[in-house]
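Below you'll find the structure, written out as structure tokens, and then a few comments.
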Amino acid sequence: MGVGHQQSILLIVTGGIAAYKSIELIRRLREEGIGVTPVLTASGAEFVTPLSLAAIAGEKVYQDLFSLTDETEMGHIELSRRADLVVVAPATANILAKLTHGIADDLATTLLLATDKPVLVAPAMNVRMWEHPATQANLATLKSRGVTFVGPNSGEMACGEFGPGRLAEPLEILAGIQAALSTASSGRKPLEGRRALVTSGPTHEPLDPVRFLGNRSSGRQGQAVAEALRDLGAEVTLISGPTHLTEPHGVTTVKIETALQMLAACQGALPVDIAVCAAAVADWRPEKPSGQKIKKDGPGAPEIAMVQNPDILAALSKDGADRPALVVGFAAETEKVLEHARAKLRKKGCDWILANDVSDGSGTFGGSENTLHLVHDAGEESWPRMSKKDAARRLAEKIADTLANPAVIGEIE
Ligand code: C5P
């Protein structure tokens, strides 16, 4: 996405121990192809040097409102408007207060007042400063003006206290920035007003309190689908098994462990217009998980009786008042990919199956790329190998087109 125009942000780094995390954030942003122009406040410069920010960003660092060279090269108005998004990370209580009241007494605050771009803030401060009614009132005002917040997180703070106030992790801020950038850039929201549920990740089926049966699903494809549907304006519930991924921004995430919990969470998310089942649900579960850890000093190996798990995709596809307008499943196959996908479509009763080859060497499970074939009764279409994110965007666009023209649900060109 975004060919032709490299997206860029203005990153304002204010004072605080957490300022060191801005280096990691810039590195992650650049890895994602997002340009960063750093702005450092005087107190920020007490914690991180302009040289380290410039080196990582590959850009000049702006610090002074009245620096002649800066003003001739680029006025502060220009600087505040050429980026797609203005990010303040870390943001102190002080800059939040200034932003709320329109104070512009240095370069950072002047840029914030002069910008016509969306603003995203990642606060970091002592827990008492965060909880102070003044900060909370400022927060409410800024939110009502459309400023987006990432964090703060709760935890142990540099000052030794515990509670909310820790800067969100760089990957969480990155996710927030990506969500804000795509909202800012696309403007097109064909799924506005639509509700979607996406299942994702593996399920863990307990054998005893410490062991479970699971699988290698990373949850990447499902999460990318949730994000792509969100980017097109859908209100998305992501129902995810255990993964190592950072929770996506702007999506309601419900974390579950077992297939039965996933089914209950899906039913709780209904009614929806769109259901995409990308989870690798365990087909079987131990019938009676042991209440105590199974000991190896028993007679021989334990015999574990298994029962079949409900098929969530099939359950969602059943006719009824709550059946989503479009139900999409995935089929991971190691051979006869299309043949098996067609059979699965009939068996499950869903509208589309996205079949992917997960045979050894395909690199799909746990990897970041996928080769998908979209299969429906009326035909099929093979997509070239692409990143899971691009595949998710293509799927979301296809879903949006199809819902906009319900007569063609299932008709594939
Ligand atoms: O039958 P199989 O597991 O290959 O089907 C894969 C599709 O069915 C995926 O979309 C998966 O999310 C869904 N599924 C499910 N509940 C199950 C098993 C699979 O929703 N118990």
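The values are calculated or read from the model by the stated rules, or taken from the named source; none is laboratory data. Source: prediction; values computed, not measured. Heads up, the Cβs are rebuilt from the backbone with ideal geometry, glycines too, and the neighbour counts pull from every protein chain shown. These accessible areas exclude ligands, DNA and RNA; they are computed on the full protein's heavy atoms, side chains included. Shrake-Rupley method; radii C 1.70, N 1.55, O 1.52, S 1.80 Å.
The table that follows gives values for the structure above.
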| item | result |
| --- | --- |
| Qualifying position, being part of a loop (DSSP other than H, G, I, E, B) and surrounded by 23 or more Cβ atoms within 10 Å (Cβ to Cβ), among LEU191, LEU197 | LEU191 |
| Filter result (in a helix (DSSP H, G or I) and open to solvent by less than 20 Å² (accessible area, probe 1.4 Å)) within region 229-251 | LEU229 |
| Filter result (part of a loop (DSSP other than H, G, I, E, B) and within 16 Å of the ligand (Cβ to nearest atom)) within region 289-317 | ASN309, PRO310, ASP311 |
| All positions within region 341-358 that are within 9 Å of the ligand (Cβ to nearest atom) and either surrounded by fewer than 18 Cβ atoms within 10 Å (Cβ to Cβ) or part of a strand (DSSP E or B) (or both) | LYS347, ILE353, LEU354 |
| Counted residues, region 318-334 - those being open to solvent by 60 Å² or more (accessible area, probe 1.4 Å) and within 13 Å of the ligand (Cβ to nearest atom) | 2 |
| Filter result (touching a residue at least 60 places away in the same chain (Cβ under 8 Å), open to solvent by 40 Å² or more (accessible area, probe 1.4 Å) and within 10 Å of the ligand (Cβ to nearest atom)) within region 257-284 | VAL281, TRP284 |
| Per-region count, region 74-124, residues farther than 25 Å from GLU172 by Cα and either outside any loop (DSSP other than H, G, I, E, B) or touching a Gly at 6+ places or on another chain (Cβ under 6 Å) (or both) | 9 |
| Residue count for region 158-188, restricted to those that are part of a loop (DSSP other than H, G, I, E, B), surrounded by fewer than 22 Cβ atoms within 10 Å (Cβ to Cβ) and touching a residue at least 24 places away in the same chain (Cβ under 8 Å) | 5 |
| Options LEU372, LEU354, LEU345; residue that is out of contact with any Ser or Thr (no Cβ under 9 Å at 6 or more places or on another chain), under 14 Å from ALA224 (Cβ atoms), of a type in the set (A, V, I, L, M) and modelled with pLDDT of 85 or more | LEU354 |
| Some residue of region 208-228 being among the charged types (D, E, K, R), assigned to a helix (DSSP H, G or I) and more than 28 Å from SER290 (Cβ to Cβ) | yes |
| Condition check for ARG128: within 24 Å of LEU174 (Cβ to Cβ), part of a helix (DSSP H, G or I), open to solvent by 10 Å² or more (accessible area, probe 1.4 Å) and of a type outside the set (A, V, I, L, M) | no |
